[in-house]
Amino acid sequence: MRRAASHSTSGKISRRRGRRVLRRSLQDLHEELRMLIPGGGPTLRSEELLSLTADYIMFLRFKVNVLRAISEMYMP
């Protein structure tokens, strides 16, 4: 009986540790994203940061398309 109880307890501890590690890694990723995105200040909530990220990705895609079009005009 004690084995089952200790196994159950260790399982709970490892799940908590796993959640803590996941939460920490998500916080690290959030912080990295905040540094990469223009306007990604420290006061932005996750939803705002993800929306700003999506807008920035669209802007970069547009910029790449414009630069491709310009380069095609000058390349024979």
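Projecting the Cα atoms of VAL64, MET35, GLY18 onto the charge dipole of the chain, computed from C-beta unit charges around the Cα centre, puts GLY18 farthest toward the positive end.
Basic side chains Lys and Arg get +1 at the Cβ, acidic Asp and Glu get -1 at the Cβ, and with that the dipole of the chain about its Cα centre reaches some 1020 debye. Going out from 0 in 10 Å bins, what whole percent of all Cα-Cα distances in the range 2-74 drops into each bin? Calculated over all Cα pairs of the range 2-74, the distribution is 17, 25, 20, 17, 12, 6, 3, 1 percent.
Read-outs: derived from the displayed coordinates by stated rules, not from any lab. Predicted model, so just to flag it, every value in this text is computed and none were measured. Here Cβ is always computed from backbone atoms with ideal geometry, including for glycine, and neighbour counts include all displayed protein chains.
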